[in-house]
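The values are calculated or read from the model by the stated rules, or taken from the named source; none is laboratory data. Given the structure is predicted, the values throughout are model-derived calculations rather than measurements. Ideal geometry is used to build each Cβ from the backbone, glycine not excepted, and the neighbour counts take in all protein chains shown. Note: areas computed on protein heavy atoms with side chains; ligands, DNA, RNA excluded. Shrake-Rupley method; radii C 1.70, N 1.55, O 1.52, S 1.80 Å.
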Amino acid sequence: MSNSPYDAKIKSIEALDQGKWIQTRKINYIDPAGRERVWEMAVRTTRTETTGLDAVSIFALLKKQGQPNELVLVKQFRPPCEKVVIEMPAGLIDPNESVEATAERELIEETGYHGKATSSSHQALTMFSDPGLTNANMALVTVDVDLDDPKNQNPKAENDDGEFIEVFTLPIERLLQGLQDTCQKEGCVVDARLYHFAAGIDVARKALQ
């Protein structure tokens, strides 16, 4: 890969009053005991009216006859963390775009894989990414990727300007161990939601043994 996410570096960090993509708010509220309190939060400026959501996270499963399923993951430098972070593919929902269409589009753009959305969490509930900090919400969309499809024989990502994404896969049955091994080897970190997902699979697997 010519431009690795590991080549990014922080130059400086400075105060920001209000940004283009993220802004801050002060909330005045009354707690259950009747006391007035204040909370500081961040908000996205990109929520769509059609879905009421900001973004999708994509649970993309690579499927091939006779082989164990693997999960598509990405590595990219996240400036707030000052680290390369392992995540599921994800992206913001465009105006008038469905949750499922966003997931399929973002998967192609970030990884090159073509898949079909088969389910989405937004039909049953709404998820918030970091509720102590922000009102940013998202849906988890499952996308099946058929490796026998000719379009997936040589996947090529279509990253936007400024995106430097490294794509890799891990077997579902050893996802937690794979994440731990990759972080220890490369010095990267993992998105908490992905780690919780992997830990849940591990707990369920051990409970069935």
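Return the whole-Å distance between the Cα centroid of the range 25-40 and the Cα centroid of the range 50-80.
One Cα centre to the other: 36 Å.
At R0 = 45 Å, how high is the FRET efficiency between Leu208 and Trp21 if r is their beta carbon distance? Nearest 0.05 is fine.
Working: r = 43 Å, r/R0 = 0.95.
Efficiency, from the Cβ-Cβ distance: 0.60.
Which of Val74, Val43, Val141 moves most in a GNM of the chain, Cα contacts under 10 Å?
Val43
Highest mean first, what order results for 45-58, 172-185, 97-110 on Cβ atoms within 10 Å?
Working: 45-58: 18.1, 172-185: 15.8, 97-110: 20.4.
For the peptides 45-58, 172-185, 97-110, the packing ranking is 97-110, 45-58, 172-185.
Among DSSP bridges having both ends in the range 83-198, what percentage is antiparallel? Round to the nearest 5. Present the calculation step by step, with values, prior to reporting the outcome.
Numbers: 6 of 8 bridges.
If we restrict to bridges inside the range 83-198, about 75 percent are antiparallel.
Out of all DSSP beta bridges in the chain, what portion is antiparallel? Express it as a percent rounded to 5. Display every interim value, and only then the final one.
On the way: 31 of 43 bridges.
Restricted to the chain, the bridges split so that about 70 percent are antiparallel.
Looking at the square roots a ≥ b ≥ c of the eigenvalues of the Cα gyration tensor of the range 14-91, which shape do they give, rounded for a/c under 1.5, prolate if a/b is larger than b/c, or oblate? Provide the component values of the computation, followed by the final result.
Values: a/c = 2.54, a/b = 1.98, b/c = 1.28.
Cα axes put the range 14-91 in the prolate bin.
Between the range 5-21 and the range 95-137, what is the C-alpha centre distance in whole Å?
25 Å
Which of Pro32, Pro155, Pro95 moves most in a GNM of the chain, Cα contacts under 10 Å?
Pro32
Using a 7 Å offset from the Cα along the Cα-to-Cβ direction at both Ile13 and Thr126, what is the distance between the two label points in nm, to one decimal?
Taking the simple label geometry, Ile13 and Thr126 are separated by 3.0 nm.
Give me the percent of the accessible area of the chain that comes from carbon and sulfur atoms, probe 1.4 Å, all protein chains in place.
Values: 6600 of 12880 Å².
Carbon and sulfur together cover 51 percent of it.
Which of rounded, prolate or oblate describes the range 46-206 when judged by the alpha-carbon gyration tensor and an a/c cut-off of 1.5?
Working: a/c = 1.32, a/b = 1.12, b/c = 1.18.
Verdict is rounded for the range 46-206.
Would you look at the GNM of the chain, springs on alpha carbons closer than 10 Å, and say which of Glu40, Glu70, Glu163 moves the most?
Looking only at Glu40, Glu70, Glu163, the biggest GNM fluctuation is shown by Glu40.
Compute the Cα gyration tensor for the range 126-209, then decide on rounded, prolate or oblate, letting a ≥ b ≥ c be the square roots of its eigenvalues: rounded whenever a/c is under 1.5, prolate when a/b is larger than b/c in the other cases, and oblate in all that remain. Show your work: numbers first, answer last.
Working: a/c = 1.43, a/b = 1.11, b/c = 1.28.
Verdict is rounded for the range 126-209.
Of Ala60, Ile86, Gly178, whose Cα points farthest to the positive end of the dipole of the range 46-206 (charges on the beta-carbon: +1 Lys, Arg; -1 Asp, Glu; origin at the Cα centre)?
Value computed over the given set: Gly178.
For the chain, what is the accessible area per residue in Å², given a 1.4 Å probe and the full set of protein chains? Intermediate values should be presented prior to the final figure.
Numbers: 12880 Å² over 209 residues.
Per residue, the chain has an accessible area of 62 Å².
Tell me which DSSP H helices of the chain clear both cut-offs, 15 Å or more of axial length from alpha-carbon atoms and a mean Kyte-Doolittle hydropathy of at least -0.5. Working shown, then result.
Numbers: long enough: 99-111 (18 Å, -0.56); 175-186 (16 Å, -0.72); 192-207 (22 Å, 0.19).
The answer, listed by residue number, is 192-207.
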